[in-house]
Amino acid sequence: MEGPGAWMRYVPEAERPRRLRQWRRAWLKAQLQRRRVQIALLVVLNVVICLVPWWMGLRSLTVLALLPIVSVPLVGGLAYWITWGEFHR
């Protein structure tokens, strides 16, 4: 994480902790609004939810739950590759 910048040295010493917390909160909010971060958080949440049966001892159910997470990117890549091949022949 980058620092708040050169302006922090001009903030009075008594106010620096509050300003630093304020800056960190704004930075975190800006990061959470990025599409890449939102997608990553949703994928992690989905994997954690799918792993709950694993922790309960239901291994086969976990494999079925994780199958869409693994297969959707593979099918999408295959569709892209086939389409690309059709247009470039």
Please list, by residue number, every one of the trypsin sites (Lys or Arg not before Pro) in the range 27-59 that is coil in DSSP and has at most 13 other beta-carbon atoms within 10 Å. Arg34
With all protein chains present, the range 1-87 has a carbon and sulfur share of its accessible area (1.4 Å probe) in percent of 69
Mind giving me the FRET efficiency for Met8 and Val48? R0 is 41 Å, r the Cβ-Cβ distance, nearest 0.05 is fine. 0.65
Is there a quick way to get the dipole size of the range 7-86? I mean about its Cα centre, with the Cβ of Lys and Arg at +1 and of Asp and Glu at -1; what is the value in debye to the nearest 20? 700
Among Val75, Gly5, Thr62 - extreme Cα towards positive end, dipole of the chain, charges at beta-carbon: Gly5
Would you mind getting the accessible area per residue of the range 1-52, heavy atoms of the protein chains only, 1.4 Å probe, in Å²? 86
Length gain on complete extension for the stretch Val37 to Val70, per 0.36 nm per residue less the alpha carbon to alpha carbon distance? 9.9 nm
Ignoring ligands and nucleic acids, what accessible area does Val75 show with a 1.4 Å probe (Å², nearest 10)? 100
Connecting C-alpha atoms closer than 10 Å in a GNM of the chain, tell me which of Pro68, Pro12, Pro53 has the biggest fluctuation. Pro12
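Only helical DSSP H runs with n ≥ 4 go in: add -39500 (n - 2.57) per run for the chain, normalise by residue count and round the 222 nm mean residue ellipticity to 500 deg cm²/dmol.
Rounded to the nearest 500, the figure is -26500 deg cm²/dmol.
The values are calculated or read from the model by the stated rules, or taken from the named source; none is laboratory data. Just so it is clear, the model here is predicted, and its values are computed rather than measured. Every residue, glycine as well, gets a Cβ built from its backbone with ideal geometry; the counts of neighbours run over all protein chains shown. To get the accessible areas, we keep the full protein, side chains included, count just its heavy atoms, and leave off ligands, DNA and RNA. Shrake-Rupley method; radii C 1.70, N 1.55, O 1.52, S 1.80 Å.
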